[in-house]
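Just so it is clear, none of the values below were taken in a lab; they were calculated from the coordinates. Worth saying up front: this structure is predicted, and the values here are computed from it rather than measured. With ideal geometry, Cβ positions are generated from the backbone for all residues, glycine too; neighbour counts draw on all protein chains shown.
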Amino acid sequence: MSIDNTPAQSQLGRRSAYVDQYDPAQLFPISRATQREAMGIQAGALPFFGADLWTAFELSWLNARGKPQLAIVHFTVPCETPNIIESKSFKLYLNSFNGSTFATADAVRERLRVDVAEALWRGSDRVEGIGVKLIAPDQFDTEPVHELDGLNLDRLDIECTHYQPAPELLTSDAAQVAVTETLTSRLLKSNCLVTGQPDWGSVQIRYSGPPIEQAGLLAYIVSFRNHNEFHEPCVERMFTDIWRQCRPTKLAVYARYTRRGGLDINPFRTSWPQALPANARTARQ
């Protein structure tokens, strides 16, 4: 049975009390099914593999002597989870650690793992794991910054007239020899589903198959500019549209969105099982 939370019921766009004592009830899961069904994606028959890579830059707690501790956290959320977690609620949940005492960083990591997994799988008959990795301050200098690899579509001088998703802009040429290539753009922008505030991102598209017409692909990426949707379904919409319109034999779509409220969300969807991309932030993140 799926949960019936809606984005409008979340704390997005509302004044919120600052809770600094550990409170997992702050987490607000939202079902993935509504947006997926609108795209023709059925639960239990996902056309992709992948995960959402979250990075939390604002986590702090108190040790047994009351001294503040802090860490960066990488979360790996399988795309099979029935829910996402609304990002403001995630921030409020992380804030609730600020005045709470934990004996060790491992105890914090375990609480994060249990609480976030429970919310992501809530309403399902499956409860599986998620990845949680704490980065201590003495490791901060090893955190990589790297732009997405690939041929930059933004070099193209195109006219843009669509600012809502326009899959009809996508074409490929089945008469040409199949190619394998990686294409990138920093011109991805969409808006929060509830507040309408801008979400900025970079996107990488890797595929094998008939050559995709690059100007049309860039115009398609730009067409998300006034579209209101959370990060995860934006990437799933891109994957689905490219898969249906261009008919590649393989496809992977990876977006890295700039952080908001100390959180960045980076969905990855692929048509074939493979290792997840390295969680390296871009310069804008």
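The conditions of being over 23 Å from residue 155 (Cα atoms), buried (at least 20 other Cβ atoms within 10 Å of the Cβ) and in contact with a strand residue (DSSP E or B) (Cβ under 6 Å, 6 or more places away or on another chain) are not met by residue 206. For the stretch 83-93, the condition holds for at least one residue, the condition being that it is part of a loop (DSSP other than H, G, I, E, B) and buried (at least 16 other Cβ atoms within 10 Å of the Cβ). Annotation: of all residues in the stretch 235-285 being crowded, with 21+ Cβ neighbours inside 10 Å and touching a helix residue (DSSP H, G or I) at 6+ places or on another chain (Cβ under 6 Å), the one that is farthest from residue 173 (Cα to Cα) is 265.
When the stretch 125-148 is examined, which residues are found to be outside any helix (DSSP H, G or I) and under 18 Å from residue 281 (Cβ atoms)? Passing the criteria: 131, 132, 133, 134, 135, 136, 143, 144, 145, 146, 147, 148. In the stretch 115-137, the residue that is farthest from the chain's Cα centre (by Cα) out of those that are of a type in the set (A, V, I, L, M) and exposed (fewer than 15 other Cβ atoms within 10 Å of the Cβ) is 136. Within the stretch 223-242, residues that are over 18 Å from residue 183 (Cβ atoms) sit with their Cβ atoms under 8 Å from residues that are small (Gly, Ala, Ser) and part of a loop (DSSP other than H, G, I, E, B), at 6+ positions apart or across chains, in these pairs: 228/196.
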